[in-house]
Amino acid sequence: MSSVPQIKVPATYIRGGTSKGVFFRRQDLPEACQEPGEARDKLLMRVIGSPDPYGQQIDGMGGATSSTSKTVILDKSTQPDHDVDYLFGQVAINKAFVDWSGNCGNLTAAVGAFAISGGLVDADRIPENGICTVRIWQKNIQKTIIAHVPITNGEVQETGDFELDGVTFPAAEVVIEFMDPADGEGSMFPTGNLVDDLEVPGVGTFKATMINAGIPTIFVNAADIGYTGTELQKDINGNAEALARFETMRAYGAVQMGLIKDIEEAVARQHTPKIAFVAPATDYEASSGKQISANDIDVCVRALSMGKLHHAMMGTASVAIATAAAVPGTLVNLAAGGGPRDAVTFGHPSGTLKVGAAAEEVQGEWTAKKAVMSRSARVLMEGTVRVPGDTF
């Protein structure tokens, strides 16, 4: 029986926000994998453990959820006035593809720290103590993100007392600014409306706000689809019929947003758009057992990622929530009580999150200036990952 030895690829396993993924410097990848293409995708899938018909990713670094089936490739930036280029790959769990169509807002919290530690940020930009401002070029969506990373004695500070719902242990706070988060190639509201009728054959017609800020997202009212907005993963993820209904709604919404031409294309575009549902602030018990009071939040939001209800909230979807909440008349804004606002605190399955957003109407078109949130990040393991030498 012939055998092929494994190869070693330098990598770091990092938690960023409520996600975790495998981080690479582009220069450390095998030469054939340093550029877009089949070789790179095969490498990343093998690292994560996909495609896995068992849906477990046992033979890889993935954790069999949308929050843990993630890869990041960083490089010194080719853009003026930027430090690092950030490319995100969402690896499908049971299918053979990597979705490059959007950003991961949670892992963004780890990009600045990894770039500093990996020598991708010029030494003269890193203070001995204080905050290092890392200018990130997000290659998937062609946008600027600013990360404010704490530095102690010349090194990235990872420990601290900042608590983030959905993450068990406290860590150092990293403030993230998503600059001009709306799609620069079109309207922030691709349909031209703040609220549309989303017609889904065989399912129904629903009021929907479709926004492209942070990540393309479809918002519907929880009550319109038979939910309260206080659901946890166990209430939805075990219901195959409900998940299929959400996926059908997402596919038709993607067509209406102009992201795909036919609903069949949604199968190969799992990462975007997201679908979420909103409801007025309500008391509920988070997945940790923590009691969430309606008085402490503005709105309840639940979102699905890669076909399952997310355990907390995607960072990019948080940008979409905050931006939609800032625009009077959207479903998110109305669920939050209506009127202008520059920040929103929303309840998600793991707890709460506050996100600031600035939006303004210019000549009849809504634009987003930036969205700001606090996250944290921590290196879990560093060294090399191994894959069979005939992987790519």
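The values are calculated or read from the model by the stated rules, or taken from the named source; none is laboratory data. Predicted model only: the values in this text are computed from it and were never measured. Cβ sites come from the backbone with ideal geometry, for glycine too, and all protein chains shown count toward neighbours. Just so you know, the surface numbers come from the protein's heavy atoms only, side chains and all, with ligands and any DNA or RNA stripped out. Shrake-Rupley method; radii C 1.70, N 1.55, O 1.52, S 1.80 Å.
Is there a residue being over 22 Å from residue 103 (Cα atoms) and surrounded by fewer than 20 Cβ atoms within 10 Å (Cβ to Cβ) anywhere in segment 298-312?
Within segment 298-312 (the criterion being over 22 Å from residue 103 (Cα atoms) and surrounded by fewer than 20 Cβ atoms within 10 Å (Cβ to Cβ)), the answer is no, since none of the residues qualifies.
Output the residue which, of all residues in segment 186-209 that are of a type in the set (Ser, Thr, Tyr), open to solvent by less than 50 Å² (accessible area, probe 1.4 Å) and closer than 25 Å to residue 244 by Cβ, is modelled with the highest pLDDT.
Filtering first and then ranking leaves 209.
Scan segment 216-242 residue by residue and report those that are within 30 Å of residue 143 (Cβ to Cβ) and out of contact with any Phe, Trp or Tyr (no Cβ under 6 Å at 6 or more places or on another chain).
216, 217, 218, 219, 221, 229, 233
Have a look at 165, 183, 99, 85 and point out the one that is within 24 Å of residue 271 (Cα to Cα), of a type in the set (Asp, Glu) and at pLDDT below 95.
Just one listed residue meets the conditions, 183.
Please tell me if residue 58 is within 29 Å of residue 376 (Cβ to Cβ) and either of a type in the set (Lys, Arg) or open to solvent by 30 Å² or more (accessible area, probe 1.4 Å) (or both).
Yes, satisfied.
Restricting attention to segment 299-327, report how many residues are assigned to a strand (DSSP E or B) and touching a strand residue (DSSP E or B) at 6+ places or on another chain (Cβ under 7 Å).
8
Suppose we keep only residues that are polar (S, T, N, Q) and open to solvent by 50 Å² or more (accessible area, probe 1.4 Å) within segment 81-132. Which one would you say is farthest from residue 36 (Cα to Cα)?
So the residue we want is 129.
Is it the case that some residue within segment 152-162 is in contact with a Leu (Cβ under 9 Å, 6 or more places away or on another chain), surrounded by fewer than 19 Cβ atoms within 10 Å (Cβ to Cβ) and at pLDDT 95 or above?
no
Determine whether segment 286-293 contains at least one residue that is surrounded by 18 or more Cβ atoms within 10 Å (Cβ to Cβ) and either under 20 Å from the mean Cα position of the chain (by Cα) or assigned to a loop (DSSP other than H, G, I, E, B) (or both).
yes
For residues in segment 328-340 being under 18 Å from residue 366 (Cβ atoms), out of contact with any helix residue (DSSP H, G or I) (no Cβ under 6 Å at 6 or more places or on another chain) and in a loop (DSSP other than H, G, I, E, B), which is most open to solvent (accessible area, probe 1.4 Å)?
Step by step, filter segment 328-340, then rank; the result is 340.
Given the criteria in contact with a Leu (Cβ under 6 Å, 6 or more places away or on another chain) and open to solvent by less than 10 Å² (accessible area, probe 1.4 Å), does residue 316 qualify?
Spelling it out, it is not the case that residue 316 is in contact with a Leu (Cβ under 6 Å, 6 or more places away or on another chain) and open to solvent by less than 10 Å² (accessible area, probe 1.4 Å).
Would you point out the residue of segment 9-50, among those that are in a strand (DSSP E or B) and of a type in the set (Val, Ile, Thr), that is surrounded by the fewest Cβ atoms within 10 Å (Cβ to Cβ)?
In this case the residue turns out to be 9.
Quick check on my filter: what residues within segment 341-362 are in a loop (DSSP other than H, G, I, E, B), crowded, with 21+ Cβ neighbours inside 10 Å and in contact with a helix residue (DSSP H, G or I) (Cβ under 9 Å, 6 or more places away or on another chain)?
The answer is 349, and nothing else.
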